């Protein structure tokens, strides 16, 4: 049996850099807190906790005076930085450069066009979307799909120009559908300022996964159970190859999945570490050979 790991799977570079910064401090024996979970992957969280990383929320800031808190790749709204300054907390900046650029872009547009409404395609409770909405000082709405857009469109003044942005990790095809829906609702659709700000790595991920899954007899998709990106990409792989199975660790593998299979592919979410992909692939190889 041949077991291949999807070369496009695993951490995006923003997460890689955030974890590198955290490990650099932890390996030097310094105390470090992370604002929220570093990634939506239980196995990686356990590994970092063993190194000494502790997770906190903004509610913990009053007791963290003088400590160092890492801002993970998702980014944070301006209010978080103001609160950290109030309590004299040292911030270790690890926001993904692409997210930082998007935050600056939204903040700049808000300063120039204060009365112009903004729609953000994203998950309302996702930390990145919370950070993006914070740049517009509350004059934006965050919608995840066409149904949410339809139900919240009354909150937006559609008589003039409207700006449309996206959380960097969303689906590009859905962005296009929502853009068309916005145009249909606007009085002057030509005034829609549409910015497809989905990360290029994410745009390439879906077609690459489809190709990878179609070339395998069996696909094992590795992801944290709470990862929205993982759930979405798993559904993409499953639609392409019905013999696709979801696991969070090598312990969840079932050898009957691989009966009569000669080609097995291992893939994962953008929040799945490379070491975990390797561990799952190695477990499959060993179990089959034995």
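Read the figures in this text as sums done on the coordinates, not as results from a lab. These numbers come from a predicted model, not from an experiment. Every residue, glycine as well, gets a Cβ built from its backbone with ideal geometry; the counts of neighbours run over all protein chains shown.
Taking every alpha-carbon pair under 8 Å whose residues sit at least 6 apart, segment 113-205 reaches a relative contact order of 31 percent.
Give the shape of segment 1-139 as rounded, prolate or oblate, defined through the alpha-carbon gyration tensor: a ≥ b ≥ c are the square roots of its eigenvalues, a/c under 1.5 means rounded, and otherwise the shape is prolate if a/b is larger than b/c and oblate if not. Cα axes put segment 1-139 in the oblate bin.
Extension gain, residue 125 to residue 287, is 54.3 nm, computed as 0.36 nm per intervening residue step minus the present C-alpha separation. When 153, 98 are arranged by Cβ crowding within 10 Å, least crowded first, meaning fewest neighbours, the order is 153, 98. Once you order the gyration tensor axes a ≥ b ≥ c over the Cα atoms, which shape class does the chain get: rounded for a/c under 1.5, otherwise prolate or oblate by comparing a/b with b/c? In terms of gyration-tensor shape, oblate. For the chain, the longest principal axis of the alpha carbon atoms and the long axis of helix 97-112 meet at an angle near 10°. In segment 162-247, Cα pairs under 8 Å separated by at least six residues give a relative contact order of 28 percent. Here the peptides 255-268, 225-238, 164-177 are ranked by packing, the mean other Cβ count within 10 Å, and the order with the highest first is 164-177, 225-238, 255-268. The separation of segment 1-69 from segment 112-126, counted between C-alpha centres, amounts to 28 Å. Sorted ascending by nearby beta carbons within 10 Å, beginning with the fewest, 50, 21 become 50, 21. Shape class for segment 98-194, computed from the alpha carbon gyration tensor (a ≥ b ≥ c): oblate, with a/c not under 1.5 and a/b at or below b/c.
What separates the Cα centres of segment 174-239 and segment 73-97 is a distance of 29 Å. Can you tell which of 201, 274, 112 shows the greatest fluctuation in a Gaussian network model of the chain with Cα springs below 10 Å? Maximum fluctuation in the GNM of the chain, among the listed residues, is at 112. Entry note, the chain: relative contact order of 23 percent, from Cα contacts under 8 Å with a spacing of 6+ residues. Compute a Gaussian network model of the chain, connecting alpha carbons closer than 10 Å, and tell me which residue from 25, 178, 202 fluctuates the most. Looking only at 25, 178, 202, the largest GNM fluctuation is found for 25.
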